[in-house]
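Please read the structure below before turning to the comments.
The values are calculated or read from the model by the stated rules, or taken from the named source; none is laboratory data. From a predicted model like this one, the values you see are computed outputs, not experimental measurements. Heads up, the Cβs are rebuilt from the backbone with ideal geometry, glycines too, and the neighbour counts pull from every protein chain shown.
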Amino acid sequence: MPSSTDLSVISWYRVLLIMSQYTLNVEIDPGDLPILRESRSNLCIAKKVNGVYTVVWSGNLQYFENNAFDWVDECQVFGINKFKDGALANASTNMQDIKSGQTCEMNVAGIMSEARGNTDTSGKFTVINKLGEIAFGVNAKCEDQMLPIFVWFSVLQKTGTMMLAADSESFEAVYLGKVLERTVSYKHGKWTSPD
């Protein structure tokens, strides 16, 4: 197994156990809805991958006063030719399902192997890169869709947009211990959480 300093290996760290059902409730004050819609702001959600928020997981104009996002920790890994801030994340290689404890390998032909190894509750998986220079993407399942939790509004960013940072005020919903559901509220341009 390559060392932790080997740049050809990536791992994704998660806090909770595999296959947990999570919910993020986003409440938007009715007074803010017309302002957000008039500015054509997308409600954006991002999930940490490898310790960083890099892809808008859900970002669109289809939001209301009460919005619920549900997901389970089901993931896919794939290769991307180029990572560019603001670009849509499109798989350049085949995608493979992967679970905590497992390993996929990108071979020299650019084909991602099926995941192998025993699953565990470490919250980590590994991708070994034998191809060379390539970026890797991770999709996580949300409401029956595999999509690449961080919440904000954006005029520029939408689902699948690669990002280096949110372009407006944001809120990080943290799921620790046995917490599987969080609620965040947006009122007068500010995010808060009663949790």
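Here are the numbers for the structure shown:
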| item | result |
| --- | --- |
| Matching residues in region 130-163 - criterion: being more than 30 Å from residue 189 (Cβ to Cβ), at pLDDT 75 or above and surrounded by fewer than 16 Cβ atoms within 10 Å (Cβ to Cβ) | 130, 132, 133 |
| So residue 127, is it modelled with pLDDT of 75 or more and farther than 18 Å from residue 23 by Cα | yes |
| Any pair with Cβ under 6 angstrom, 6 or more apart, that starts in region 183-194 at a residue that is among the β-branched types (Val, Ile, Thr) and ends at one that is assigned to a strand (DSSP E or B) | 183/25; 184/26; 184/151; 184/171; 184/191; 192/185 |
| Which listed residue is touching a Phe, Trp or Tyr at 6+ places or on another chain (Cβ under 9 Å), part of a loop (DSSP other than H, G, I, E, B) and modelled with pLDDT under 85, from 120, 167 | 167 |
| Residues located in region 174-195, provided they are at pLDDT below 85 and among the small types (Gly, Ala, Ser) | 177 |
